[in-house]
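**Student:** Structure incoming, see below.
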Amino acid sequence: KEFYYINFGILTYLFGSTVLFLVGNLVAKMKPQFNDVPWILNSILYMFYQILILLEFKVSYYKSKTS
């Protein structure tokens, strides 16, 4: 379970981005108001990935005052 959160974040972000960009061609042909949806979802996935990296850093490398 070493670097569990980072690995989970990478897999989640890559899988989500791949699906979003594969479906992006279909969304581009839809109404113009839906063009921002893939960008917003990709931004949310990226922020989730960054939060998991921060969490892994805190779990793995942050030493508490009691240690």
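The values are calculated or read from the model by the stated rules, or taken from the named source; none is laboratory data. Here the structure is a predicted model, which is why all the values come from computation and not from measurement. Cβ coordinates were reconstructed from backbone atoms using ideal geometry, including for glycine residues, and neighbour counts include every protein chain displayed. Note: areas computed on protein heavy atoms with side chains; ligands, DNA, RNA excluded. Shrake-Rupley method; radii C 1.70, N 1.55, O 1.52, S 1.80 Å.
**Student:** Any idea how many residues of the range 25-36 are open to solvent by less than 100 Å² (accessible area, probe 1.4 Å) and assigned to a helix (DSSP H, G or I)?
**Tutor:** Total satisfying the criteria: 3.
Conditions (1) β-branched (V, I, T); (2) open to solvent by 60 Å² or more (accessible area, probe 1.4 Å); (3) touching a residue at least 12 places away in the same chain (Cβ under 8 Å), marked per residue:
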residue: F8; (1), (2), (3): no, yes, yes
residue: Y13; (1), (2), (3): no, no, yes
residue: S17; (1), (2), (3): no, no, yes
residue: V23; (1), (2), (3): yes, yes, yes
residue: P38; (1), (2), (3): no, no, yes
residue: N42; (1), (2), (3): no, no, yes
residue: L45; (1), (2), (3): no, no, yes
residue: L54; (1), (2), (3): no, yes, no
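**Student:** From the list L14, L26, L41, L52, exactly one residue is out of contact with any Lys or Arg (no Cβ under 6 Å at 6 or more places or on another chain) and at pLDDT below 80. Which is it?
**Tutor:** L26
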